[in-house]
C-alpha cells in the first residue's frame, strides 16, 4: 500500500512522529512495593498513575525521531528517581512486579470528584483479573507516519493505518520475541504470555475502515465481555484524532498506531533500547509495503496464539530469522538508505543466531 522504496517517497521515508509510554513500580530499598501515595500532582503533564498508586506512568511528548523520544523518557525517569529517593524509594526495572506477599500491597489508584469513575474502573479490573496481574508493567510505542510521506504516497490515511495494524497483528509476534526481557519460569515475558495481559476471549477485529474497527470493539462492550474499550488487552491499537474513544475514532479517523507488547528492559535501567524502537519503526515501514489482505477470524486467532508463543523461552526463533531476512532484502533492494538501518537489523539478527544476546537470557544471567 505504501512502499518507501519508490523514488518519490524516499526523501520522506524515515519521517514520523514518535511517542513513548513507560509504566514502572515504585519500590522500597528492600525491593518491596512502596505503599506511599503517588508523589506527583494529578495534573502533572508527563507523569501519571496507571492501575495502582505505586505505579508511575511516563508519557513523553511527540518527537520527530525515536532517539529524541527515548532521550526524554530517560530524562523523566531520572527526575522520578530523584524525587522519590529521599523517601528511600526507587523504580523497579522489570516488567514482572517484585515479590508480592499479599495483594493488599497493590493499592488501586484512587481518584476523586469528576474522576471517581476511574477508581471504580480499577476496582473492577482488580476483581476480574487480580491485582497482581494488573501490576505488570511495559512500554507502549506510539507512532504516526510523516505527513509528507503520506501525502506523497497519495494513500487514504485511515486505510494506511488499518492495513499496517492488520500486518502488525499478523507479524508482531516478532516484536515480542525480540524485546522480551522479563524471564520467569518457562517465559521470556510473562505479561505477553498466556498468563499475561489477555482477555478471556480472542477478539476478532474489523480492519476494513475506522468505523468498522471501532464497531468491532464496541460489540464486545455491548455483549458484556468488556466494561469499556480500554479493557481490550491487545498488542496493537489504533488511536483517533482528538479524545481517545471509539466515537472519535469512527468520526475523525485514525491518528496513530500504538504497539503495546514491549517489555521494560532491565539492561537499560527499566527503559527501552533505542535500537528496538527504531526497529519497530522499520518493521512498520515494511508492514506498510506488504500486500493488502483481510485477516479472517481464524487468522487473527492464530496471530494471538503466535504472540503468546513468542513470549516463551522455548519459542522457535526460525520465523523471526526469516522475517528479518525479508526486511533486510526489502531495505537492500534500493541504494541510498542510511547504513544505520542495516546495523539495526543486524543487531536484531544477533538475538536470533546468538541466544545469549536475547534480553531474557541476559537478564536471567544478570540476576
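Contact order normalised by length for region 1-151, with contacts defined as Cα pairs under 8 Å and 6 or more residues apart; what percent is it?
Values: 246 pairs, mean separation 51.3, N = 151.
Reported as a whole number, the value is 34 percent.
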Rounded to 0.05, the calculated FRET efficiency for the beta carbons of residue 339 and residue 3 at R₀ = 25 Å is 0.75
Region 203-250-region 4-39 distance, computed between alpha-carbon centres (Å)
22 Å
GNM top mover of 241, 140, 38 - the chain, alpha-carbon springs below 10 Å:
241
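Using a Förster distance of 35 angstrom, determine the FRET efficiency expected from the C-beta separation of residue 29 and residue 111, and round it to 0.05.
Details: r = 29 Å, r/R0 = 0.82.
Efficiency, rounded to the nearest 0.05: 0.75.
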If one compares the long axis through the Cα atoms of helix 66-84 with the longest principal axis of the Cα atoms of the chain, the angle in degrees, nearest 10, works out at 0 degrees
So the angle from the long Cα axis of helix 274-288 to the longest Cα principal axis of the chain, reported in degrees to the nearest 10, equals 50 degrees
Measuring from a point 7 Å past the Cα of residue 218 along Cα-to-C-beta, which residues in region 253-284 have an amide N at less than 16 Å?
253-254
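Percent of Cα-Cα pairs more than 14 Å apart in region 112-189, please. Let's see the in-between values first.
On the way: 2338 of 3003 pairs.
It works out to 78 percent of all Cα pairs.
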Most fluctuating of 345, 225, 115 in the GNM of the chain (C-alpha, under 10 Å) is 115
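Would you mind ranking 263, 43, 123 so that the residue whose beta carbon has the fewest other beta carbons within 10 Å leads the list? Display every interim value, and only then the final one.
On the way: 263 30, 43 6, 123 12.
Ordered from fewest to most neighbouring Cβ atoms within 10 Å, 263, 43, 123 come out as 43, 123, 263.
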How tilted is helix 116-129 with respect to the longest principal axis of the chain? Cα atoms for both, answer in degrees (0 to 90, nearest 10).
80 degrees
Just rank 268, 318, fewest to most, by other beta-carbon atoms within 10 angstrom.
318, 268
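Relative contact order for the chain using alpha-carbon pairs under 8 Å, separation at least 6, rounded to a whole percent? Mind dumping the intermediate values first?
Working: 616 pairs, mean separation 77.3, N = 367.
After rounding, I find 21 percent.
Taken together, the values in this text are just the output of simple stated rules run on the coordinates, not laboratory data. Bear in mind the structure is a predicted one, so any value in this text is a computation, not a measurement. All Cβ positions, even for glycine, are placed from backbone atoms using ideal geometry, and neighbour counts span all protein chains on display.
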